[in-house]
Every structure is written in C-alpha cells, then in structure tokens.
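One structure is given here, and the rest of the page talks about it.
The values are calculated or read from the model by the stated rules, or taken from the named source; none is laboratory data. Keep in mind the model is a prediction, meaning the values are calculated, not measured. With ideal geometry, Cβ positions are generated from the backbone for all residues, glycine too; neighbour counts draw on all protein chains shown. Note: accessible area is taken over every heavy atom of the protein model, side chains too, but ligands, DNA and RNA are not part of it. Shrake-Rupley method; radii C 1.70, N 1.55, O 1.52, S 1.80 Å.
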Amino acid sequence: MMEATEIYLSHPHPCDYLPQREARMLFLAPELELSMADYSHLVAKGFRRSGRLVYRPHCSLCQACVSVRIPVHRFRPDRSQRRCLQRNRDLELIARPAQFRDEHYDLYLRYLKARHPGGDMAESTPEDYTDFLICSWCDTLFYELRLRDRLLAVAVVDLLDDGLSAVYTFFDPDHPRRGLGTYAILSEIEAARRMGLDYLYLGYWIAECDKMAYKHRFQPLEYYADGRWLTHPPTFNPRS
C-alpha cells in the first residue's frame, strides 16, 4: 500500500447528495499510478474511483455515505428483480474494452439530459466523458446491453482482485418499463459470478438520498463500517 502521506483531505464543499450539508473527502493524488492490488485494497476500504481520482467521504458531522458490496455467490434476485430479468431476456450483454465510442457517448448525453437536466454533466464534451470513465492504470470494461443492433445501456465496471466495481451506468431513457438500471446491476452480478469473483462493489449507499437508496434492494448486502464489512446497516460512525 501507499504511504499515508499520499492520502489528502479536501476542503469542505457543498454535498452533492444531501442539501444544505457540507462534505469532505479523503483522496489520493490523481497523478499516482496504482497497481490492481493497491486499487483493490482501497476499494475494499471504502474508496471509489471517478476518472483518475480515488476518494472516500470523510465528513465530520455526517456519516450518511456507506460503502456497500454484494457477495455475488449468495445473491438471489427477489420477485421484482426476477420480473426485471424476464422483461430483458431479449437483451445481449457484450463486454468491450474501455475506449471512446461515438455510440456510447451519444447515449450518455441522452441519458444525462433526460435524468439530470440542467446539470453540469449534461454538457460533457468527449474529453469530459473519457476523463470521467476511463483511467490509464485501471482495467475497465464497458458492458453493452443491446437489443439486436440497438444500444440500450452501458455499464462501466473496474476489475479488482476480488470483484467488480460498478463505476457508472447510463441507459436509453425511452425504455423506462425495462428497468435498465436494475438489469445492469443484475448483469454485473452474473458477470462477476462467471468470472469467479466474490463481490460487486456498488459505491455508496445513502439511505436519505433517493438517487442512492436503491442499492439497498440488492440483498444480501454488506456495509463497510469501522474498518470491517458488516451484514447489516451500521448504526455507528462508518469511517475508519
């Protein structure tokens, strides 16, 4: 692992998820070139990647962000998830190398404009898109979900020593009944299982934020708190 001096604490800034709260984060210098072992260790300690930035929330007055992962060999879809699988049984999952594709970028912009209108990301340039999803030192895959020749979704994942880390998913907003976001996670679970990996890391679960609370529907779920993974949501400070 890297020396502790290579991990920094950000200045306070407005929280992206909970209004009227301040956030701070621990982060590594973006210029660092991490090995898979280093990155896997950090993700297992609650860190996450956005582009080259590897970070973890570290807020003194709020512990709402909890890193979660699915033990894929124990996961069984519930009734709603089984219906989602049935609705999307006509889709094909294709793994692609992490590189810019016009087709992916066009879908990404359509997704952002429909789901996050007015947000800064909705005006992303090709460079913004690439910098957000791709990292030179990381083994990343773009999982396409296709209905014959039509691209309906892209799920971006990083390969770790013990699992997959879900980085971002974007999908066609014209197919709301399919539940493509849910189906993408179910597909990632199955992909990790086929690869003989133990976990799908989902990033941060935030019970108080509708956009992040959905992760709790994928059970069993493990929660990182106090330096260890728990089988139930923490009721104490989840930092370590």
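Some points to look at:
- On a per residue basis, segment 50-130 carries 58 Å² of accessible surface, using protein heavy atoms and a 1.4 Å probe.
- Excluding same-chain neighbours fewer than eight residues apart, the lysines reachable from Lys45 by a Cα-Cα span under 24 Å are Lys211, Lys215.
- Along each principal axis, taking the top coordinate minus the bottom one, the Cα set of segment 51-146 gives 42, 37, 32 Å in descending order.
- In a simple Cβ point-charge model (Lys, Arg +1; Asp, Glu -1; nothing else charged), segment 1-128 has a dipole of about 1060 debye relative to its Cα centre.
- Potential extension, Tyr168-His13 segment - 0.36 nm per residue separation minus Cα distance: 53.6 nm
- Among Trp137, Trp229, Trp205, the largest mean-square fluctuation in a Gaussian network model of the chain (Cα springs under 10 Å) belongs to Trp137.
- Partners for Lys113 among aspartates and glutamates (Cα-Cα distance below 17 Å; same-chain residues under 8 apart left out): Asp102, Glu103, Glu123, Asp128, Asp172, Asp174
- Among the GluC sites (Glu not before Pro) in segment 5-101, those placed in a DSSP loop whose Cβ has at most 12 other Cβ atoms within 10 Å are Glu31, Glu33.
- Estimated dipole of segment 64-190 in Debye, rounded to 20 [Cβ of Lys and Arg +1, of Asp and Glu -1, Cα centre]: 1000
- Each of Val156, Ala44, Leu93 was placed along the dipole of the chain (beta-carbon charges, centred on the mean Cα), and the one lying farthest toward the positive end is Leu93.
- Helix-derived mean residue ellipticity, 222 nm - over the chain, DSSP H n ≥ 4, -39500 (n - 2.57), to 500: -7000 deg cm²/dmol
- The calculated P(r) of the chain, using every Cα pair and 5 Å bins from 0, goes 1, 6, 13, 17, 20, 19, 14, 7, 2, 0, 0 in percent.
- In segment 106-210, the GluC sites (Glu not before Pro) that fall in loop regions by DSSP, at most 16 other Cβ within 10 Å: Glu208
- The slack in the chain from Arg194 to Ala29, taken as 0.36 nm per residue of separation less the alpha-carbon distance, amounts to 56.0 nm.
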